[in-house]
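The values are calculated or read from the model by the stated rules, or taken from the named source; none is laboratory data. Computed from a prediction, not measured in an experiment: that's the story for all the values here. Counting neighbours? That spans all protein chains shown, and the Cβs are built from the backbone with ideal geometry, glycine included. With ligands, DNA and RNA removed, areas are computed over all heavy atoms of the protein, side chains included. Shrake-Rupley method; radii C 1.70, N 1.55, O 1.52, S 1.80 Å.
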Amino acid sequence: MITAASVLAAEGNNPLIPHTYELVVGIFSFLVVVLVVGKLLVPRIQQTLAERADLIEGGLKRAEDAQTEAKQTLDAYKSQLSEARQEAARLREEAREQGAQIIAEMKEQAQVEARRIVENAQAQIEQERAQALAALRAEVGAMSVELAGRVVGESLEDEARQRRIVDRFLEELESANASKAL
């Protein structure tokens, strides 16, 4: 291999070593490309990258803001839901209490009405009993006067006398019934 390299070097056309004009043109072309890219394209690329970075950061910021706002809204809805549940429980409890109060009032009214009906019935019974007793006294008195008149053989038409006799007769009957009851 050494011999091949020395042979080629001796010829003067070494393919590994470029010609001087190629080196000058290459360096000049490279500098033009670097200047064009550095002056024109790099600022535009940096500007585009900065805009994209801003868009991405702005999008992330907006997403974070939206997420924060959504979390706050969710917390507010949860709070409102909790308050609504508490309010519903309170209203149910109030309804139960009102229902119990209405039932108690209705029971009390029913008891008052029942007592009034019983009292009216007792008063009516007492009144009818008194009327029946008065009618019975009058009838028993008339019969006893008639019977006494037949037994005595004289007329007992005097009203005052009839009443005294009837009252005495009834008192004797009541005292006899009372002594039997004992």
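Would you list, by chain and number, the lysines whose Cα falls below 23 Å from the Cα of Lys180, excluding same-chain residues fewer than 8 positions away?
Hits, sequence-local ones excluded: zero.
What accessible surface, in Å², does a 1.4 Å probe find on Thr48, ignoring ligands, DNA and RNA and rounding to the nearest 10?
My reading of the accessible area for Thr48 is about 60 Å².
For region 91-140, what is the convex hull volume of its Cα atoms per residue in Å³?
27
Net charge around Arg90, counting only other residues with Cβ within less than 15 Å of its Cβ (Lys, Arg = +1; Asp, Glu = -1)?
Once all neighbours under 15 Å are counted, the net charge is -2.
Reported to two decimal places, what Rg/Rh ratio describes region 58-117 when computed on Cα atoms with Rh from the Kirkwood expression?
Rg/Rh: 1.62.
Using a 1.4 Å probe on the protein heavy atoms only, what accessible surface does Lys107 show? Give it in Å² to the nearest 10.
130
Which residue, chosen from Ala88, Gln111, Gly99, occupies the Cα position most advanced towards the positive end of the dipole of region 28-135, where the dipole is computed from +1 (Lys, Arg) and -1 (Asp, Glu) charges on Cβ about the Cα centre?
Ala88
Can you check what the net charge comes to around Lys107, using other residues whose Cβ is under 13 Å from the Cβ of Lys107 (Lys, Arg +1; Asp, Glu -1)? Walk me through the numbers before you get to the answer.
On the way: positive: Arg115; negative: Glu105, Glu108, Glu113.
Result for the neighbourhood of Lys107: -2.
Quote the charge dipole size of region 8-90 about the Cα centre in Debye, to the nearest 20; the model charges only the Cβ of Lys and Arg (+1) and of Asp and Glu (-1).
260
Among Gln46, Ser79, Ile56, flag the residue with its Cα farthest along the positive direction of the charge dipole of region 29-107, charges on Cβ as +1 for Lys/Arg and -1 for Asp/Glu.
With unit charges placed on the Cβ atoms, the residue in question is Gln46.
Give me the three principal axis extents of region 1-133 from the C-alpha atoms, as integers in angstrom, largest value leading.
Projected onto its principal axes, the Cα set of region 1-133 covers 171, 39, 13 Å.
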